[in-house]
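Derivation of every value follows stated rules applied to the coordinates shown; laboratory data play no part. Computed from a predicted model, the values in this text were never measured in an experiment. Cβ sites come from the backbone with ideal geometry, for glycine too, and all protein chains shown count toward neighbours.
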Amino acid sequence: EMEIRNCVYTGKLNTLIKQLALFDEFVRSVNQRDLSRRMSDRSLVLRFLAFYEKGYLKAQTGLKAFLNDFCEVYRNPPDSKLAEFQQRFRHALRAAHTVFGAEAFRLRRPDARGGGEWATRVNASVFQVITVTFTSPNYDLAQITERSDAIYEEYLDLVSTDNTWLECVTKSTGDASKIRYAFEAWGLRLQAVMSGAATQDSQRVFSRALKREMFQQDPTCALCGQEIRLMNDAALDHIEHYWRGGATIPSNARLVHRLCNLKRPN
């Protein structure tokens, strides 16, 4: 479909899409060598631009029609709009790479032992959700960097616990209701992470550096006593509940399976 659009919708927008697909921020974030085959890289760029400009609520008639309509309407936008597209795209991809690194825009595949690993390929629906939500005027890059650990952990929790969200980004992904749920579910979580830190304890979430250190020292779940195979299947839990006054300090942290932590009574 992107190859057809490349022929049909020639103009300034098409030229910009080609350029953005080569940006270092994009290449590093998607981290997938064969993405340029069949213009899959440009298709991701187009998804970002369309959802950023029009919003997910306008995707009511199917994803293909939504993207084609954007290409037609914005075929030759003013230079100011092209500059805006470029600036917001760069911001979103820098933010994604800051938070997720080489694991950006991927889902986790469960294994037989209850653990998981990151998929090797980018998920296009996840890409459009993550990048567009990072363009909110309420989140500048400094704030995202400051809260990157919390955002990463929130995404891990989302893909580990919300089966509805997983279905929305993997099955019939052009359905309007699924697009809406995918954007809103993640958007609410991101909003909570970003706004909560301003009024609550700025260190409520343990750092990934501490989790890595504790995992390397002893990858045993403090709740079930079993080995935690991968660091991303682990979480740092407050021994004394945060809401009971437990401090977010190393001495009050214990390494647990993410799923064990979810089963822990609130």
Whole Å is fine, so just give me how far the alpha carbon centre of the range 68-133 lies from that of the range 1-55. 11
Cα-Cα separations in the range 1-71 greater than 19 Å, expressed as whole percent: 33
If exposed means GluC sites (Glu not before Pro) lying in a DSSP loop and surrounded by at most 14 other beta carbons within 10 Å, then the longest stretch of the chain lacking such sites spans residues 2-239
If I fit a long axis through the Cα atoms of helix 208-217 and take the longest principal axis of the Cα atoms of the chain, what angle between them do I get, 0 to 90°, rounded to 10? 50
Under the Kirkwood approximation for Rh and a Cα-based Rg, what ratio Rg/Rh is obtained for the range 51-189? 0.98
Of the options PHE70, VAL8, VAL45, report the single residue whose Cα projects farthest towards the positive end of the charge dipole of the chain (beta-carbon charges: Lys, Arg +1; Asp, Glu -1). VAL8
Answer label for Cα extents along the principal axes in Å (calculated), chosen among (1) 58, 48, 38; (2) 49, 37, 35; (3) 60, 40, 32: (3)
For ARG254 paired with LEU230, estimate the spin-label separation in nm (one decimal), with each label point 7 Å from Cα along the Cα-to-Cβ line. 2.5
For the chain, take the longest principal axis of its alpha carbons; what is the angle in degrees between that and the long axis of helix 63-73, to the nearest 10 within 0 to 90? 50
Calculate how steeply helix 176-199 sits against the longest principal axis of the alpha-carbon atoms of the chain, using the helix alpha-carbon long axis, and give the answer as 0 to 90 degrees to the nearest 10. 50
Per the rule of 0.36 nm per residue minus the C-alpha distance, extending SER36 to LEU22 adds in nm 4.1 nm
